[in-house]
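Here is the structure we will look at, set down as structure tokens.
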Amino acid sequence: MNRATRRTALAAAATALALGGVTATAAPASATSVTFASVPFGKDGSRALSVGIDGDHAGWVTFSSDPYTTTNGTYYKGDTLYVSDKRTDGFAIRGYVERVSNWTSTHHTTTHGLKAPVRVSDTNNIKEGTRLRVKACVAKGSKIIKCSGWYGAHA
């Protein structure tokens, strides 16, 4: 193969590879939209994070610092992280609680692998007054799609 033919073949291969790469890496028609909102929950250091997926309410990540019963009769134990997922959509909701003093995890739970609607919890006794932070994440399989920022709470 002479030099001119080789250059033409390489240029054609590079063009085909580039076009194939564009096709293979094109973005999906609609990406998942995930939103979070902090919602007041008691006056005792508790924190509730609302999770939205594609414009619909999907669930909650709630840290209950002290025992609490809502007006609709839902009971929350103290020093407990609750994660609820109300949609059967293949997404999981994860919740995390850490100590602010040394960033160590005190609680972690997820709805991964469970059939919605579901509510899971993790209880771990924490010394009263300990400063904490709470975060919510949405995952698909083992891949985190998006996480909220950290929100303050205390035991």
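Read the figures in this text as sums done on the coordinates, not as results from a lab. Quick caveat, the model's predicted, so the values are computed rather than measured. Note: ideal-geometry Cβ built from the backbone for every residue, glycine included; neighbour counts use all protein chains shown.
Aspartates and glutamates near Lys86 by alpha-carbon distance under 13 Å, same-chain residues fewer than 8 away left out - which ones? Straight-distance partners of Lys86: Asp56.
Looking at the square roots a ≥ b ≥ c of the eigenvalues of the Cα gyration tensor of region 61-155, which shape do they give, rounded for a/c under 1.5, prolate if a/b is larger than b/c, or oblate? Verdict is oblate for region 61-155. Each label point was placed 7 Å from the Cα along the Cα-to-Cβ direction; for His108 and Ala31 their separation is 2.6 nm.
By the rule of a C-alpha distance below 13 Å, with chain neighbours fewer than 8 residues away ignored, the aspartates and glutamates paired with Lys135 are Glu98.
Rounded to the nearest 0.05, what FRET efficiency do Lys43 and Ile144 give with R0 = 35 Å and r taken as the Cβ-Cβ distance? Could you check?
Here the calculated transfer efficiency is 0.65.
Magnitude of the Cβ-charge dipole of region 54-132, K/R +1 and D/E -1, about the Cα centre, nearest 20 debye?
Numbers: 9 positive and 9 negative charges, 25 e Å.
Dipole size: approximately 120 debye.
Please list 126-139, 103-116 highest first by mean number of surrounding beta-carbon atoms within 10 Å per residue. If you can, show how the numbers build up before the last one.
On the way: 126-139: 17.9, 103-116: 14.7.
Averaged packing, sorted descending, gives the order 126-139, 103-116.
Here the extension length gained between Asp66 and Val118 equals 16.5 nm, from 0.36 nm per residue of separation less the Cα-Cα distance.
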